[in-house]
Amino acid sequence: MTSNAAAPDRARIPRTVWALGVVSLFMDVSSEMVHALLPIYLVTTMGMSVTALGALEGAAEATAMIVKVFSGSLSDWLGRRKGLLLFGYGLAAMAKPLFPLADTPAVVATARLLDRVGKGVRGAPRDALVADVAPPEIRGACFGLRQSMDTIGAFVGPLLAIALMLALSDRIRTVLWFAAAPAFIAVAVLLFGVREPERASTQRVFRSPLHWNSIREFSGRYWYVVAIGATFTLARFSEAFLVLRAQQTGLGLAWIPAVMVVMSLTYSLSAYPVGVLSDRWNPRALLACGLVLLIAADVLLGAGTSTLALFAGVALWGLHMGFTQGILAAMVAQSAPPALRGTAFGVFNLASGVCMVLSSAIAGWIWDRNGASITFFAGAAIALAPLVMCVRPLISDAPSRAD
């Protein structure tokens, strides 16, 4: 006998979330196609020094991190998310054709910085828009969907770069022209496919995410987390150096983007189980595991000269990302007063941004003067500092065995 009772309706993921996922996918395909080839393009084709490349990569990623600190507050003040999203994604799309058009490293550097400014502008408003439209009972699923489509883009981009390099006889400029197309598709999907919910018209005051007069209220525990994050950032330089190392091992030019594929694969496969563990383990223990993986990756990449050693080191690099992404954010949230978490994240990101610039610039300087091996060994040595900082509190937190 069939029951006529209607089952309760389950909330569905809104169309806007799906559209934002597609936008993220296409933009990530474009960005990763460029990112997988840019170090070789700059150093080999443009003649840029590795020191300059390191400074550029550090400045680019730090720019995205610091701009993101303020973009969320700006979208709250404006009361609209889509305008900032169009500006951020549009700026990144407009920057993409500059890469193949460039005839000097300065033009490529400008394009790279514009691309990262766009990333910083769009990040917080995009997440806020997902939160605005997602039903509360499936909000986690909505964020997970958008992130998973972003991850798909991180795979597809380098794979497309490999296929196009093989088909076009290693003509990097031509491949970079192809990389621009997905970026403009992303903007079109955003323009026509994303609908922003109406919000009540009220008077809004811009609130800075940083309240410097509140800094004295942070505990020593919080500043200890900032110190761990800063030294960790110093140890973890740009993935551009992995691409350059791949070229040194004799890997064919067309296959160099495979480095980014392997890194993304191990990162994505480890991120979820580590996320489950993070609910049960001390976050400092997970961060310590990630630092051990980073040190092992640096040692392999520094000592090994074969393709096998290269990909083993890159796989460990991806694993270290899976173990550390989000862990520091959780540690900041746990150590800061709830009312000051916005400022806490702002200060943390600013400190990490400064260290990010220094990290890649120093790595490039060491590479030019002492070679690739010493660069990776130096990274391993620097990573020992945050590892010790993670382990010491774990030891002190352990229960005493004395009666």
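The values are calculated or read from the model by the stated rules, or taken from the named source; none is laboratory data. As the structure is a computational prediction, the values presented were derived from the model and not from experiment. Glycine also receives a Cβ, built like all others from the backbone with ideal geometry; neighbour counts cover every protein chain displayed.
Residues of the stretch 248-272 being under 15 Å from S148 (Cβ atoms) and not hydroxyl-bearing (S, T, Y), which ones?
Our first condition is that a residue be under 15 Å from S148 (Cβ atoms); within the stretch 248-272, this holds for 264-265, 267-272.
Correct list: L265, L269, A271.
Take the conditions surrounded by 19 or more Cβ atoms within 10 Å (Cβ to Cβ) and within 13 Å of F241 (Cβ to Cβ) and apply them to I366. Does it pass? Break it down stepwise before answering.
Values: surrounded by 19 or more Cβ atoms within 10 Å (Cβ to Cβ): yes; within 13 Å of F241 (Cβ to Cβ): yes.
Judged against the criteria, I366 is a match.
Pick from the stretch 105-143 the residues that are within 16 Å of the chain's Cα centre (by Cα) and charged (D, E, K, R): which of them is nearest to E196 (Cα to Cα)?
R126
Within the bounds of the stretch 237-246, is there any residue that is in a helix (DSSP H, G or I), at pLDDT 90 or above and surrounded by fewer than 16 Cβ atoms within 10 Å (Cβ to Cβ)? Outline the logic, then answer.
Narrowing the stretch 237-246 to residues in a helix (DSSP H, G or I): 240-246.
Those still in the list that are at pLDDT 90 or above too: 240-246.
With surrounded by fewer than 16 Cβ atoms within 10 Å (Cβ to Cβ) added as a condition, the list becomes none.
No, the stretch 237-246 contains no residue that is in a helix (DSSP H, G or I), at pLDDT 90 or above and surrounded by fewer than 16 Cβ atoms within 10 Å (Cβ to Cβ).
In this structure, is L113 out of contact with any strand residue (DSSP E or B) (no Cβ under 8 Å at 6 or more places or on another chain), surrounded by 18 or more Cβ atoms within 10 Å (Cβ to Cβ) and in a helix (DSSP H, G or I)? Before the answer, list the steps.
Working: out of contact with any strand residue (DSSP E or B) (no Cβ under 8 Å at 6 or more places or on another chain): yes; surrounded by 18 or more Cβ atoms within 10 Å (Cβ to Cβ): no; in a helix (DSSP H, G or I): yes.
For L113, the condition - out of contact with any strand residue (DSSP E or B) (no Cβ under 8 Å at 6 or more places or on another chain), surrounded by 18 or more Cβ atoms within 10 Å (Cβ to Cβ) and in a helix (DSSP H, G or I) - is not met.
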